[in-house]
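I'd like to ask some things about the structure below.
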Amino acid sequence: ERSSMMPNRLRLFGGYIAIGALALTMVVLYSSPVDSQTSSLDEAAAAGSVNVDLDFDKNTKASAELALGDQFTVTLASNPTTGYTWEISKASALLKKVDSKYIPTDSQPGLVGGGGKDVYTFKTVGTGPGEIIFSYKRSWEAASLSEATFSFDIK
């Protein structure tokens with residue numbers, strides 16, 4: 001009786017491996033960056049709000065002119081299920097971080113391994129040129145996979 005249970009356990013173990021492989025495949029397929037849209041940041045600044053969309057692949061640099069007291073957001077395509085997260089590696093003293101949050105992609109709610117975006121909100125507290133550099137990396141690794149830079153001039 002004990003030997004007849006062994007093939008069932010092997011089948012069950014094989015099923016777990018197949019499910020794991022499927023989950024890993026879905027993570028790889030859906031870990032591509034969220035498409036970002038390019039807009040005229042200077043026009044948005046003139047309207048009183050700036051929203052900067054960056055990612056870790058094609059759209060890694062942006063710049064704008066800002067005014068003292070402006071509040072703006074930087075949105076970065078992200079997929080923390082891969083172990084990678086955005087960190088601020090360099091920030092100008094002319095800025096104050098107001099908020100940061102992760103927002104999963106709406107188009108695939110509940111999808112295991114689905115991506116989303118990190119949204120950082122800043123307020124300008126001084127005048128002059130500066131930049132923020134974000135690193136996309138795993139916390140246990142020294143090197144980053146990518147960097148995204150937002151340069152600005154606060155008037």
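So for the pair residue 82, residue 133, with labels modelled 7 Å out along Cα→Cβ, what separation do we get in nm?
Spacing of the two 7 Å Cα→Cβ label points: 2.1 nm.
Here's a follow-up. Return the lysines within reach of residue 123: Cα separation strictly under 20 angstrom, same-chain partners fewer than 8 residues apart disregarded; answer none if there are no such residues.
Qualifying lysines at Cα under 20 Å: 61, 90, 96, 97, 101, 155.
For region 57-155, what relative contact order do you get, as a whole percent, if you take Cα pairs closer than 8 Å and at least 6 residues apart?
40
Using only the alpha-carbon atoms, what does region 74-128 span along each of its principal axes? Please give whole angstrom values in decreasing order.
Cα spread of region 74-128 along its principal axes, largest to smallest: 43, 20, 13 Å.
Let me ask something else about it. For residue 58 and residue 99, compute 0.36 nm times the residue count separating them, minus their Cα-Cα distance, and round to one decimal in nm. Walk me through the numbers before you get to the answer.
Details: separation 41, 0.36 × 41 = 14.76 nm, distance 2.51 nm.
That pair, residue 58 and residue 99, stretches by 12.3 nm at full extension.
Compute the length gained on full extension between residue 73 and residue 51: take 0.36 nm times their separation in residues and subtract their Cα-Cα distance, giving the result in nm to one decimal. Please list the in-between numbers first.
Details: separation 22, 0.36 × 22 = 7.92 nm, distance 0.49 nm.
In short, 7.4 nm is gained.
To one decimal place, what Kirkwood hydrodynamic radius in Å is obtained for region 54-155 from all pairs of distinct Cα atoms?
14.3
Each reported figure results from applying straightforward, stated rules to the coordinates on display, with no laboratory input. Owing to the predicted nature of the structure, the values given are computational and were not obtained by experimental measurement. Positions of Cβ are backbone-derived with ideal geometry, glycine not excepted, and every protein chain shown enters the neighbour counts.
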